[in-house]
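The values are calculated or read from the model by the stated rules, or taken from the named source; none is laboratory data. Quick caveat, the model's predicted, so the values are computed rather than measured. Cβ coordinates were reconstructed from backbone atoms using ideal geometry, including for glycine residues, and neighbour counts include every protein chain displayed. When the accessible area is computed, the model is the full protein with side chains, heavy atoms only, and any ligands, DNA or RNA have been set aside. Shrake-Rupley method; radii C 1.70, N 1.55, O 1.52, S 1.80 Å.
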Amino acid sequence: MLKKSSLALLGAALFLAWNGLLLLFLWSRPATLPSAQNAQIPPGSRLLPAQLLQLAQDAEAELRLQRDLLLQIQQLGRLQRRRTPPKTPKPPQVPTAGEAPVIPVLVLACDRSSVRRCLDKILRYRPSARRFPVIVSQDCGHAETAAVIASYGQAVAHIRQPDLSDVAVPPEHRKFQGYYKISRHYRWALGQVFRTFRYRAAIVVEDDLEVAPDFFEYFQAVLPLLEEDPTLWCASAWNDNGKEGLVDAGRAELLYRTDFFPGLGWLLLAELWDELEPKWPPAFWDDWMRQPEQRRGRACVRPEVSRTMTFGRKGVSHGQFFDQYLKFIKLNDRFVPFTQMDLSYLKKDEYERLFLHQVYSAPEIQLEELQKDPGRDSGPVRLQYRGRDSFKALAKALGLMDDLKSGVPRGSYRGVVSLVCRGRRVFLAPPSDWTGYDPSWS
């Protein structure tokens, strides 16, 4: 396209130059009499009317010829433009049979120049630029952050949210303007990934996350589970209760199903975006994801030990939970070869058979016993709660996050939260005749 346009411009330039030289030649050439003798006119003599007429006719004929040439150049340019499609974003690379799928990493950024910490780790640990392209979507129009992103050159694709205006919000939500802008940005950015670039899956992270060495290995391994099991709707790198001391760092290969949407580094399929986009909320998108109308009984995969950690204390949430929980999250520091492991145990029927048997075959004990027991060389135990208040009391005593969203405890599956306390596996669980979550607990 560029080469053809250059040729057309060159043709036009030659045309103008030729006309200039032609007129110069015609006006400066010696005048001739229209007689048979072709006698020369002495220098300084005035041209006769007949000579002027002849000169004008010659110039007019030459200009008509050049005008026709210019029209041909213009027609050629229009034809080339019709044949050349408009410039569109580069389509995704489609893997051939036997190749690993292409999974882009969508980084949501705004005004944190510390996005460099996030991008450095992503680029350091990704095994393939072709299989894991990085797309940074920036809101806010913050120049310093934009310069940091641009410094990575071709290593990342930098796209910008075009609408930076304030969002119309209810009067009582004026202080939540930031949450409305975040939700708008998510919708636009995910639309770019799945509609414009047409990827089939994507990993979503925010600019204040640091990833683990096996971050990409984990998501590559769990993608087939999402594609095969309709009871799964996402996979997350995050354990809400993943503080040091509440997880078994020596069992970093452990994965769970959870009814709670964790976020903070998560994988979704294009089919899920087809479902969510038409009803995407104006604000508080993550809590909206946790509502039963969106979850529809589906679960996410989550790890024992988190594959992301957050370093963003400052943000629209003003550091909510950061000092008490988030800054203590244990980030996995060793590589687990998930793609070489059989993860079929995470499919619903098999998982419930094994997990629920493990939970309800564990002996029930009281909190006081657990706190006194050193837990060395002891098997798993169960702490049972029978209502919202008892759950919150036990969760707080164990150091867990005790808030509930739509009645669902963080990290729970069928109401069960798995943790480590004093070196011992503990299941904080409802009675075995559990019938479902109660949204009124929120």
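A few comments on the model shown:
- Considering each residue of segment 275-284 in turn, at least one proves to be touching a Lys or Arg at 6+ places or on another chain (Cβ under 6 Å), within 29 Å of residue 115 (Cβ to Cβ) and in the same structural domain as residue 225 (by the TED database).
- Restricting attention to segment 195-208 and to residues that are of a type in the set (A, V, I, L, M, F, W, C) and open to solvent by less than 10 Å² (accessible area, probe 1.4 Å), the residue that is farthest from residue 287 (Cα to Cα) turns out to be 201.
- Just one residue in the set 394, 398, 419 is under 39 Å from the mean Cα position of the chain (by Cα), outside the structural domain of residue 245 (by the TED database), under 16 Å from residue 241 (Cα atoms) and free of Cβ contacts under 8 Å to residues at least 40 places away in the same chain; that residue is 394.
- The test for being buried (at least 22 other Cβ atoms within 10 Å of the Cβ) and closer than 19 Å to residue 312 by Cα does not hold for residue 146.
- If you filter segment 347-392 down to residues that are part of a helix (DSSP H, G or I) and touching an Asp or Glu at 6+ places or on another chain (Cβ under 8 Å), you find that the one that is least open to solvent (accessible area, probe 1.4 Å) is 391.
- Those residues of segment 209-226 which are part of a loop (DSSP other than H, G, I, E, B), surrounded by fewer than 23 Cβ atoms within 10 Å (Cβ to Cβ) and of a type in the set (D, E, K, R), in sequence order: none
For (1) at pLDDT 95 or above; (2) over 18 Å from residue 284 (Cα atoms), each residue gets a yes or a no:
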{"position": "314", "(1), (2)": "no, no"}
{"position": "324", "(1), (2)": "no, yes"}
{"position": "336", "(1), (2)": "yes, yes"}
{"position": "339", "(1), (2)": "yes, yes"}
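- Qualifying residue in segment 162-174 (condition: open to solvent by less than 10 Å² (accessible area, probe 1.4 Å) and at pLDDT 95 or above): no
- The test for being open to solvent by 40 Å² or more (accessible area, probe 1.4 Å), within 30 Å of residue 220 (Cα to Cα) and assigned to a loop (DSSP other than H, G, I, E, B) does not hold for residue 187.
- Among the residues of segment 227-246, those identified as touching a helix residue (DSSP H, G or I) at 6+ places or on another chain (Cβ under 7 Å) and open to solvent by 20 Å² or more (accessible area, probe 1.4 Å) are 231, 243, 244.
- Selection within segment 247-263 - open to solvent by 40 Å² or more (accessible area, probe 1.4 Å) and either in contact with a helix residue (DSSP H, G or I) (Cβ under 9 Å, 6 or more places away or on another chain) or closer than 15 Å to residue 286 by Cα (or both): 253
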